[in-house]
1. Considering each residue of segment 58-99, count those that are part of a loop (DSSP other than H, G, I, E, B), open to solvent by 50 Å² or more (accessible area, probe 1.4 Å) and either of a type in the set (Gly, Ala, Ser) or in contact with a Lys or Arg (Cβ under 7 Å, 6 or more places away or on another chain) (or both), and give that number.
2. Being of a type outside the set (Asp, Glu) and more than 21 Å from Leu99 (Cβ to Cβ) is the filter here, so list the residues in segment 119-151 that pass it.
3. Please tell me if Glu156 is part of a helix (DSSP H, G or I) and open to solvent by 20 Å² or more (accessible area, probe 1.4 Å).
4. Please identify the pairs in which a residue from segment 50-79 that is on the phi < 0 side of the Ramachandran plot has its Cβ atom under 7 Å from the Cβ atom of a residue that is open to solvent by 100 Å² or more (accessible area, probe 1.4 Å), counting only partners at least 6 apart or on another chain.
5. When the residues of segment 119-159 are narrowed to those that are among the hydrophobic types (A, V, I, L, M, F, W, C) and touching a helix residue (DSSP H, G or I) at 6+ places or on another chain (Cβ under 9 Å), which ends up farthest from Gly43 (Cα to Cα)?
6. Quick check: anything in segment 107-117 open to solvent by 90 Å² or more (accessible area, probe 1.4 Å), of a type outside the set (Asp, Glu), touching a strand residue (DSSP E or B) at 6+ places or on another chain (Cβ under 6 Å) and assigned to a strand (DSSP E or B)?
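The values are calculated or read from the model by the stated rules, or taken from the named source; none is laboratory data. All of these numbers come straight from a predicted model, not from anything done at the bench. In this analysis, Cβ positions are derived from the backbone assuming ideal geometry, glycine residues included, and neighbour counts consider all displayed protein chains. In case anyone asks, the SASA skips ligands and DNA or RNA and just uses the protein heavy atoms, side chains included. Shrake-Rupley method; radii C 1.70, N 1.55, O 1.52, S 1.80 Å.
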Amino acid sequence: MKKKPLLIIIIVIAFGFGFASNSILTKTIKEQTTMKKVTGIGGIFFKCKDPKKMKEWYKTHLGLNTNDYGATFEWREESDPAKKGSTSWSPFPETTKYLEPSTRDFMINYRVADLEALVEELKKEGVTIVDKIETYDYGKFVHIIDMEGNKIELWEPID
């Protein structure tokens, strides 16, 4: 007789611990999945022999509206068409040091929603952060290195 109430108490306690730990884990997983990391492509930067000629070629043959830095593609957010965004296309001289420490000929700039929180998360995950967050009147920037040694630029724009 005494075993049955004790068994019920043990089951209730086990259920309570299971429910509590599941709630904590579910909340942690939800927080991780709801944090926006990359929201889009901010730019594509690449090395070439003659950036001026490269910009002219793309202007002539593909109709890019180029400027001193390359080209800018403007667009609107699907979820809120009142919000504008842009993506840059920029050729660099093949001697540029801007893409270092990567030895690759390109760098992708990703738009992010909360750069400071993302950098803290990336540090905890062991991702190499190349420099400190820099703030300009058009947004915040930082550079990281991916698993294959590619330099990645993260940008929290001020749209």
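1. Taking segment 58-99 first, the residues part of a loop (DSSP other than H, G, I, E, B) are 63-65, 68-69, 77-83, 94-99.
Within this subset, residues satisfying the condition of being open to solvent by 50 Å² or more (accessible area, probe 1.4 Å) are 63, 65, 68-69, 77-83, 94-95, 97-98.
Add one more test, that the residue is either of a type in the set (Gly, Ala, Ser) or in contact with a Lys or Arg (Cβ under 7 Å, 6 or more places away or on another chain) (or both), and what stays is 63, 77, 79, 82-83, 94.
The qualifying residues number 6.
2. Filtering segment 119-151 down to residues of a type outside the set (Asp, Glu) leaves 119, 122-124, 126-130, 132-133, 135-136, 138-145, 147, 149-151.
Within segment 119-151, Lys123, Lys124, Gly126, Thr135 qualify.
3. Taking the combined requirement at face value, the residue does not satisfy it.
4. What qualifies is Ala71/Asn65; Glu74/Lys84; Arg76/Lys83; Arg76/Lys84; Glu77/Lys83.
5. We begin by selecting, within segment 119-159, every residue among the hydrophobic types (A, V, I, L, M, F, W, C); these are 119, 122, 127, 129-130, 133, 141-142, 144-145, 147, 152, 154-155, 158.
Those still in the list that are touching a helix residue (DSSP H, G or I) at 6+ places or on another chain (Cβ under 9 Å) too: 127, 129, 133, 141-142, 144, 154-155.
Working: Val127: 21, Ile129: 19, Ile133: 18, Phe141: 12, Val142: 14, Ile144: 15, Leu154: 10, Trp155: 9 Å.
Going through the qualifying residues, I end up with Val127.
6. No, segment 107-117 contains no residue that is open to solvent by 90 Å² or more (accessible area, probe 1.4 Å), of a type outside the set (Asp, Glu), touching a strand residue (DSSP E or B) at 6+ places or on another chain (Cβ under 6 Å) and assigned to a strand (DSSP E or B).
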